[in-house]
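**Student:** Quick one: structure below, then a few questions.
Taken together, the values in this text are just the output of simple stated rules run on the coordinates, not laboratory data. On a predicted model such as this, the values are computed, not experimentally measured, just so you know. Cβ placement follows ideal geometry from the backbone for every residue including glycine, while neighbour counts extend to all protein chains displayed.
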Amino acid sequence: MTKNNEVYNVTHNFEAIISPAFYSKEYEAAKVTYESTKAKYETNQQTRTIAKTDSIVDSVIDKFVSRAKFGKNKYGTDLDRQDLSVVEWLDHAIEEHMDAILYLNKLKEIIVGKDGKIQKPNS
């Protein structure tokens with residue numbers, strides 16, 4: 001089988017190429033670029049530089065990066081996955097926000113007590 005008879009299916013910033021008639025040097029260059037970009041993400045190389053802002057913003061950015069790495073290691077996937085529908089993504093977001101509400105209520109209970117009244121200091 002020659003290269004002209006092979007069928008390729010590569011999608012990355014261009015239309016899917018599924019026909020041997022489209023085989024060309026441009027296609028090969030695009031395929032190499034795609035594979036190189038894919039490998040860069042898969043090996044977790046730095047993909048951007050973020051300017052220093054302030055300690056809070058920097059801390060939040062660091063936490064996002066750390067959380068993304070944790071999720072990738074734990075679940076073997078990331079947010080670039082394509083196997084979930086929009087409704088499934090919404091379900092995930094709803095569940096995460098439900099957890100956040102529980103955490104906020106627990107913290108409020110710790111701060112103000114179960115009765116919900118703020119303890120005023122003695123004057």
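**Student:** Using +1 at the Cβ of each Lys and Arg and -1 at the Cβ of each Asp and Glu in the stretch 68-123, identify which of Val87, Val112, Asn73 lies farthest towards the dipole's positive end.
**Tutor:** Most positive-ward Cα: Val112.
**Student:** Given a Förster distance of 22 angstrom, what is the FRET efficiency for Lys69 paired with Leu104, based on the Cβ-Cβ distance and rounded to 0.05?
**Tutor:** Plugging the Cβ-Cβ distance into 1/(1 + (r/R0)^6) gives 0.30.
**Student:** Related question: Can you flag which of Lys38/Lys72; Lys74/Lys114; Lys38/Lys69 are past 24 Å Cα-Cα?
**Tutor:** On the way: Lys38/Lys72 15 Å; Lys74/Lys114 35 Å; Lys38/Lys69 16 Å.
Over 24 Å apart, Cα to Cα: Lys74/Lys114.
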